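Have a look at the structure that comes next, please.
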Amino acid sequence: MRTIKQLTVAVALILTQPAVLLAAGPKEAALSLDLGQAGPAISPYIYGQFIEHLGRCIHDGIWAEKLWDRKFLLALDKSPWQVVRPAGAEFDAFLDPAGAYAGDHCLALWRRGEGAGDCGIVQKDIGVMAGKEYVGYAVIAAVSGEPAVEATLSWGAGADNRQAVPLTRLDREYRRVPFRFKAGGTIESASFSLRVVKPGLVWIGCVSLMPADNVHGMRADVLALIQQLNAPITRWPGGNFVSGYNWKDAIGERDRRPPRWERAWNAVEDNDFGLDEFMRFCAEVRTEPYIAVNTGLGSVQDAADEVEYATGSSRSRWGAERARNGQRQPYDVTWWGIGNEMYGNWQLGNVPVERYALRHNAFVAAMKAKNPRIKVIAVGSPGRWNDMLLPLSAAHMDLLSGHHYTQRKFKAPLTPEDTAKYEADFPTYCGSVMSGVRGVVADYRQRLGAATPGLDRVRLAVDEWGIVRDWNPAPDSPGVGAFEHFYPLGDALASARALHELIRSADLVAMANWAQTVNVIGAIKAGRNHAVLDPVGHLLALYRAHVGGSLVPARLSAAVPVDAVAALDAKNGHLSLGLVNYSASEEVVLSLKTSAGTLPRTAQAWRINGPSLTAINVPGKPESVTTSTLPAVDLGQPIRLPAHSITVLRGGR
């Protein structure tokens, strides 16, 4: 696992200049680098990610489960399940506490006569692909009579567009009865049903349906893209979600975990993806875990128990529970967040800063009593919150968090009218994310040198940053679920400039986490059948792969719409350049010079670009914005930067 002590030393520069008016030819400038003067290390952790139980980030994003409310928490008139009861049928579907399995009740299906057509329950709007197999099961008991039950997957009208599988060997006791389908068509509005075809009463404790190629319960296509993102660290489970989350609900036998109505985002939480699944996810995508604990409605004891479950010996109370759940060896979890945005009235259990400071200290003391080697991140916010928190708690934290989001306002894909507004405002908008990040950093920077115990060793974690369309959860038109806001190429340019600001602040910023990863304001967009890297995902993947090192002075000779970062890895001698041309229409020609040291002769080159500032990537369609590998670049010659492009160069000395 990575630690801050293992950071690679790098050289980076960021130059930000205002946009300029178009001229007859391309604008020209020289970028002068001083390769002989090293600066502070750039933390690899600035390329972190964040996942939260919100919308389709985890469920049907990372987690492969196709069915919603699979443990039947909701009343049937408020459920994604629909009751199928033909006129005249003697049939009832109801929630029955007598057969409680995962939560407070089960689903009962009671057919009292034959004829009258299909009787049962159905869930629609399921994505399936022709030729692909899907596996699942029902945990079911035959309580009365000799009922016959079928599971059916339908991808169109008529008998030729469905497959039915009898659920056999039913018993009075609950049994897990498997089924398997092979879809005969590609559609995002397939349906799954359970039908009682012969009279009797059955209890259904839970049901599941996943693609057969799932990886430990996770979507294979999404995992492949997350691996491409290659984040060094990932924050989980929230976000606002964490302040109402009981981690103990989400361990042990998955089907027996109680479903909950989670109050942060007002949705069913099946608790299928808990701490053990998160750690499996981290292993699959090779990312380090960063776990936030519940300081809203949660207790100090629960947080201490969570640390022990994750990192304690198998001889400890909660370490033994982890071992019983299949993981004998302790997990390697260094980073722990002490709550989320406790300053906000939107946060469950929010408190004034004076109370949070004492609460933070109590949580940290209890958690470190279980494992003194953990590192903790406090909830920070510029202004009075930090004024009050730091004198009381700086000695009890390793990092201080700060969040920033910029609102785009326009729905994607942008209409012609919105496109004109977006492009007209772009010289200002493209610097707004950068300015917000700069504000978070500046608030902390001006506090350094104060007589606050422990402050000088504390650094920043900008552990939520990014862009939202607005705070309306309705998706953009290509999306499906809450906050599925699609980023056009222009948003990737704005995000690149903010990423440069984080790099420029390497002396203070130890971690940053793009919010979020899949679907929900995500770097990856996953439909019901397909997934694609968002333009911002291309940015993050490219920089993580090629830009890192330590800071050096640099100077841009003229005012051009270019944001530049240069990084030198002293271990391997690689010089990396990140060059953002944020003009909507203007090419820039850049020459490289050195005031000390020697440039490599040539460099590998990659470029992110698309047809326009408003181009987006949609799952299942060819990418409009993509990363291209360019021919080797002669660094002794001028470098042409096309309009609205991101170019990364890397050369060895």
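For the stretch 273-387, what class follows from the C-alpha gyration tensor (a ≥ b ≥ c being the square roots of its eigenvalues): rounded when a/c is under 1.5, otherwise prolate if a/b is larger than b/c, else oblate? Numbers along the way, then the final one.
Details: a/c = 2.27, a/b = 1.80, b/c = 1.26.
Prolate, since a/c reaches 1.5 and a/b exceeds b/c.
Starting from the Cα gyration tensor of the stretch 513-653, take the square roots of the eigenvalues, sort them a ≥ b ≥ c, and report rounded, prolate or oblate (rounded when a/c is under 1.5, otherwise prolate if a/b is larger than b/c, else oblate).
Numbers: a/c = 2.23, a/b = 1.69, b/c = 1.32.
It is prolate, given that a/c is not under 1.5 and a/b is the larger ratio.
Collect residues whose amide H, placed 1.01 Å from N in the peptide plane, falls under 5 Å from the amide H of LEU167; neighbours closer than 5 in sequence don't count.
Under 5 Å from the amide H of LEU167: VAL149, GLU150, ALA151.
Taking amide H atoms as placed 1.01 Å from N in the peptide plane, list the residues 5 or more away in sequence, or in a different chain, whose amide H sits under 5 Å from that of ALA100.
Those lying under 5 Å, H to H, from ALA100 are CYS106.
Right, something else. How long is the stretch 114-227 along each principal axis, judged by its Cα atoms, biggest number first, in Å?
50, 32, 18
Output needed for the stretch 221-263: three equivalent-ellipsoid semi-axes, defined as square roots of 5 times the C-alpha gyration tensor eigenvalues, in descending order, whole Å.
Details: eigenvalues 131, 47, 18 Å².
Semi-axis lengths for the stretch 221-263 are 26, 15, 9 Å.
Rounded, prolate or oblate: which fits the stretch 213-338 when a ≥ b ≥ c are the square roots of the eigenvalues of the alpha-carbon gyration tensor, with rounded for a/c under 1.5 and prolate only if a/b beats b/c? List each step's numbers first, then the result.
Numbers: a/c = 1.36, a/b = 1.14, b/c = 1.20.
Since a/c stays below 1.5, the shape of the stretch 213-338 is classed as rounded.
How far apart, in nm, are the 7 Å Cα→Cβ label points at GLU146 and ALA559?
Between GLU146 and ALA559, the simple spin-label model gives 8.9 nm.
Further question on the same structure: Tell me which residues come under 5 Å, amide H to amide H, from SER595 once H is placed; ignore anything under 5 positions away on its chain.
Placed amide hydrogens put LEU33, ASP34, LEU35 under 5 Å from SER595.
Restricting to bridges with both residues inside the chain, how much of the DSSP beta-bridge set is antiparallel, in percent to the nearest 5?
Counting DSSP beta bridges with both partners in the chain, the antiparallel share is about 70 percent.
Moving to a separate point now. Once the Cα atoms of the stretch 433-588 are picked out, what are the Rg and Dmax in Å?
Computed over the Cα atoms of the stretch 433-588, radius of gyration and Dmax are 17.6, 56 Å.
Output wanted: per-residue J couplings in Hz (rounded whole) for the stretch 169-175, from phi through Karplus 6.51 cos²θ - 1.76 cosθ + 1.60, θ = phi - 60°, x for Gly and Pro.
Ordered by residue, 3J(HN,Hα) equals 6, 5, 9, 5, 8, 4, 10 Hz.
Quote the accessible area belonging to GLU262 in square angstrom, nearest 10, computed with a 1.4 Å probe and with ligands, DNA and RNA left uncounted.
Near enough 20 Å² of accessible area.
Normalised by the empirical 2.2 N^0.38 Å for globular proteins, what value does the Cα Rg of the chain take?
Details: Rg = 26.9 Å, N = 653, 2.2 N^0.38 = 25.8 Å.
Against the empirical 2.2 N^0.38 Å value, I get 1.04 for the chain.
Still on this structure, I have one more. Note down the magnitude of the dipole of the stretch 567-644 about its Cα centre, charges +1 on Lys and Arg C-beta and -1 on Asp and Glu C-beta and zero elsewhere, to the nearest 20 debye.
Values: 6 positive and 5 negative charges, 30 e Å.
So the dipole magnitude of the stretch 567-644 works out to roughly 140 debye.
Provide the FRET efficiency to the nearest 0.05 for the LYS375-GLU188 pair, computing r from the beta carbons and using R0 = 41 Å.
Computed FRET efficiency for LYS375 and GLU188: 0.45.
Please return the longest stretch of the chain lacking exposed loop sites, where chymotrypsin sites (Phe, Trp or Tyr not before Pro) count only if DSSP places them in a loop and at most 15 other Cβ atoms lie within 10 Å.
Details: sites that count: TRP346, TRP471.
Answer from the scan: 1-345.
The values are calculated or read from the model by the stated rules, or taken from the named source; none is laboratory data. No experiment lies behind these values; they were computed from the predicted model shown. Quick reminder, even Gly has a Cβ in these numbers, built from the backbone with ideal geometry, and neighbours come from all protein chains shown. Accessible surface is based on the protein model in full, side chains and every heavy atom, while ligands, DNA and RNA are left aside. Shrake-Rupley method; radii C 1.70, N 1.55, O 1.52, S 1.80 Å.
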